[in-house]
1. How large is ³J(HN,Hα), in whole Hz, for each residue of the range 15-27 in order, when computed from phi with the Karplus curve 6.51 cos²θ - 1.76 cosθ + 1.60 and θ = phi - 60°, using x for Gly and Pro?
2. Could you please tell me the mean projected area of the C-alpha convex hull for the chain, averaged over all directions and given in square nanometres to one decimal?
3. Grab the DSSP H runs of the chain that are 4 residues or longer, score each as -39,500 (n - 2.57), total them, divide by all residues and round the 222 nm result to the nearest 500 deg cm²/dmol.
4. At a 1.4 Å probe radius, carbon and sulfur cover how many percent of the accessible area of the chain?
5. Compute the accessible area per residue over the chain, keeping the other protein chains in place, probe 1.4 Å, unit Å².
6. Give me the percent relative contact order of the chain, please, defined on Cα pairs under 8 angstrom at least 6 residues apart.
7. Contour minus end-to-end for GLU46 and ARG138, with contour as 0.36 nm per residue of separation and end-to-end as the Cα-Cα distance?
8. Show me, for the range 137-147, the HN-Hα J-couplings you get by feeding each phi into the Karplus relation (A = 6.51, B = -1.76, C = 1.60, θ = phi - 60°), rounded to Hz, glycine and proline as x.
Amino acid sequence: SGQRIQTGCERVLRARLSDARFYFEEDRKGALIDRLVALRGVLFQEKLGTLYDKTQRLISLSQFIARRINAATGVPVAAGVPASVSEKEMEPVATLAKCDLTTGVVREFPSLQGVMGRILTEMGSENGQAIEEHYQPRYPGDPLPKSSEGQILSIADKLDTIVGCFGVGTPPTGSEDPHGLRRQGLGIIQILSATPLFRRIPPLELIEEAIRGYHQESQIGFHPEIASEVL
C-alpha cells in the first residue's frame with residue numbers, strides 16, 4: 001500500500017541523513033587545508049597524475065589569468081565584477097579547490113563537491129564562494145560563477161582538464177565525450193563572453209599557459225599541435 005511505501009522511503013531517507021550527519025561531523029573536525037596532502041593519493045587521470053598535481057597547475061594557471069587581466073586593463077580585476085582579486089589571492093583558493101573531494105560527505109554524496117568545500121572553508125573564516133563556484137556552469141542553464149575568483153578558477157580548472165585530455169589523446173569523438181570536455185568548453189566560452197575583462201585575453205594565450213603547466217611536469221609532454229587542436 002501507499003503507507004508501506006512511504007514508511008519504507010522514510011526509513012531509507014533517515015538512514016541516509018544519519019550517514020550524512022556522521023560524515024559531516026567527522027569532516028568538520030579538521031581544517032580543509034589539512035586534506036591537501038591526501039590529494040596525492042587521488043588519481044585525476046591515468047596519464048595526467050593526481051589531484052595534487054592538478055591543484056599545483058590550478059594555482060599557476062589561475063595566478064596567470066589574474067596577472068594577465070590586470071596587465072591588460074591596468075586596474076585591479078575588480079572592475080566590472082563584484083569582488084577584487086589579485087594574483088596573490090588566487091593561491092589559497094586554488095589550493096583548497098579540490099580538497100573537499102577527500103571528505104566523507106563528498107565520497108558519499110558526490111553532488112556536494114564544492115558545496116562541502118565552501119562550508120568547511122567558511123568555518124575557517126575564509127571566503128569559500130569560489131570553491132563552490134568553480135564547478136559552474138555544470139550543465140546548460142546552470143548559473144555562472146559570480147565572484148571574480150570563482151570565474152578565474154572555473155576557467156583554469158576546465159581548461160586544465162581539456163588541455164590534458166587532448167594532450168594524452170582522449171578528445172571527444174563523435175558522440176563519445178566521457179570526460180565532458182564539450183560541456184566544459186562551453187562553460188569556458190560562457191564565462192569569457194559574459195565578463196568583459198576576460199575578452200581582453202586571447203584564448204590562445206590561456207591554452208598555451210595551460211600547456212606550459214603540464215610541460216613543467218617532466219613526465220608529461222604534448223605534441224606541438226595540441227594548442228591548435230584545443231582552440
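The values are calculated or read from the model by the stated rules, or taken from the named source; none is laboratory data. Because the structure is predicted, anything quoted here is derived from the model rather than measured. In this analysis, Cβ positions are derived from the backbone assuming ideal geometry, glycine residues included, and neighbour counts consider all displayed protein chains. Heads up: the accessible areas ignore ligands, DNA and RNA and are worked out on the full protein's heavy atoms, side chains in. Shrake-Rupley method; radii C 1.70, N 1.55, O 1.52, S 1.80 Å.
1. My calculation for the range 15-27 gives 5, 5, 5, 5, 4, 4, 4, 4, 5, 4, 5, 5, 5 Hz in order.
2. With every direction weighted equally, the projected area is 15.2 nm².
3. Values: 10 runs with 130 residues, N = 231.
Rounded to the nearest 500, the figure is -18000 deg cm²/dmol.
4. 55
5. Per-residue accessible area for the chain comes out at 51 Å².
6. Details: 304 pairs, mean separation 43.5, N = 231.
Once divided by the residue count of the chain, the mean separation gives 19 percent.
7. Numbers: separation 92, 0.36 × 92 = 33.12 nm, distance 2.31 nm.
Full extension of this stretch gives 30.8 nm more.
8. Calculated HN-Hα couplings, in order: x, 8, 7, x, x, 5, x, 7, x, 9, 7 Hz.
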